[in-house]
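One structure is given here, and the rest of the page talks about it.
The values are calculated or read from the model by the stated rules, or taken from the named source; none is laboratory data. Every value quoted in this text rests on a predicted model; they were computed, and no experiment measured them. Cβ placement follows ideal geometry from the backbone for every residue including glycine, while neighbour counts extend to all protein chains displayed.
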Amino acid sequence: MKVSFYQFAPEFGNIKHNLRKAEDVIASAATDLIVLPELFNTGYQFISKKEVKSLSEKIPSGFTTSAIIKLSVKKNIHIVAGIAENNKGKTYNSAVLTGPDGLIGVYRKTHLFYEEKLWFSPGDMGFKVWQTPLGNIGIMICFDWFFPESARTLALRGTDIIAHPSNLILPHCPDAMVTRCIENRVFAVTANRIGSEQRGDKEKLMFIGKSQITSPMGEILYRASEDKEELTVMEIAVEKAGDKNLNSFNNLFNDRKKEFYE
Ligand code: ACM
């Protein structure tokens, strides 16, 4: 099966433009699953609560989610897309998973990074895994990578492929995903953005690009450039994520010593 990401630079606040860009790319992509960056429709650097409210949307009825669902159904593919969610007066840094039959699920970012804590409520759903004809898909968003429990929990719950919408600023994530994938025997598709944002009197944020597809053996199947817009599609053998035996003695999950862990 074919997995992919679309790395690009969203324009802050221009939901129509960002959505159109993603739609155009997805329309021409021969893929089964495509992952878009974190907050791909809004941009990243908010400067007021009012702004977050006005750019966030209800799931599934909101503008972006409705369009992504339509595209998934029309193209018969799965899409993971990071969007700002508005639910019962709270805003979340969320991602939707859509498929040929419509909305499959929503994940709300658990570990908020830096000023995201001013704008968003932390995710209240935990880490979820959805069974699909492509395999079991779990989602974590950007800074969730910093907490190994995120990927571990997804793996323990049966994830084959971690879809990882991101707006990476710190430099270490692409390398760290090698370890996350080895220690959990999962695939990961990290879809990062490129470019920079500097809004109001805030500091300039530089996004590192380097979106990545990583195998359960920790192979970097593809790492994108730091600064170029890219759609990358790769064939993967998803069943490789199901085998948790490292050798005839060691099994990744059976060998855990939970009694010694915090
Ligand atoms: C991040 O979590 N967007 C750095």
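Here is how the numbers come out for the structure above:
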read-out: Cβ-Cβ under 7 Å pairs, at least 6 apart or on other chains, region 15-33 side among the basic types (K, R), far side assigned to a loop (DSSP other than H, G, I, E, B); value: K21/F8
read-out: Residue match in region 124-145 (condition: of a type in the set (S, T, Y), at pLDDT 95 or above and within 16 Å of the ligand (Cβ to nearest atom)); value: no
read-out: Count of region 99-122 residues which are more than 12 Å from the ligand (Cβ to nearest atom), out of contact with any Leu (no Cβ under 8 Å at 6 or more places or on another chain) and closer than 24 Å to R152 by Cα; value: 2
read-out: Among the residues listed as E226, E203, E259, the single one being assigned to a loop (DSSP other than H, G, I, E, B), over 28 Å from S28 (Cβ atoms) and either at pLDDT 95 or above or touching a Cys at 6+ places or on another chain (Cβ under 6 Å) (or both); value: E203
read-out: Residue in region 12-20 that is closer than 18 Å to Y114 by Cβ, modelled with pLDDT of 95 or more and more than 16 Å from the chain's Cα centre (by Cα) present; value: yes
read-out: Some residue of region 81-89 being at pLDDT 95 or above, in contact with a Pro (Cβ under 8 Å, 6 or more places away or on another chain) and closer than 27 Å to V25 by Cα; value: yes
read-out: Test: residue in region 147-158 that is within 16 Å of the ligand (Cβ to nearest atom) and either under 24 Å from L55 (Cβ atoms) or among the β-branched types (V, I, T) (or both); value: no
read-out: Every residue from region 95-117 that is of a type in the set (A, V, I, L, M) and touching a Pro at 6+ places or on another chain (Cβ under 8 Å); value: A95, V96, L103, L112
read-out: Residue in region 125-136 that is out of contact with any Cys (no Cβ under 7 Å at 6 or more places or on another chain), farther than 15 Å from I161 by Cα and in contact (Cβ under 8 Å) with a residue 24 or more places away in the chain present; value: yes
read-out: Scan of region 136-176 for residues that are crowded, with 24+ Cβ neighbours inside 10 Å and farther than 21 Å from S94 by Cβ, ordered by number; value: A155, D160
read-out: Within region 186-226, tally of residues that are more than 16 Å from the chain's Cα centre (by Cα) and either under 30 Å from S48 (Cα atoms) or crowded, with 23+ Cβ neighbours inside 10 Å (or both); value: 14
read-out: Test: residue in region 65-78 that is in contact (Cβ under 8 Å) with a residue 40 or more places away in the chain, crowded, with 24+ Cβ neighbours inside 10 Å, closer than 23 Å to F146 by Cβ and not small (G, A, S); value: no
read-out: Within region 56-85, considering residues that are of a type in the set (A, V, I, L, M) and away from the ligand (no atom under 16 Å from the Cβ), the one farthest from S166 (Cα to Cα); value: V73
read-out: Some residue of region 143-165 being without any contact (Cβ under 8 Å) to a residue 12 or more places away in the chain and over 25 Å from L205 (Cβ atoms); value: yes
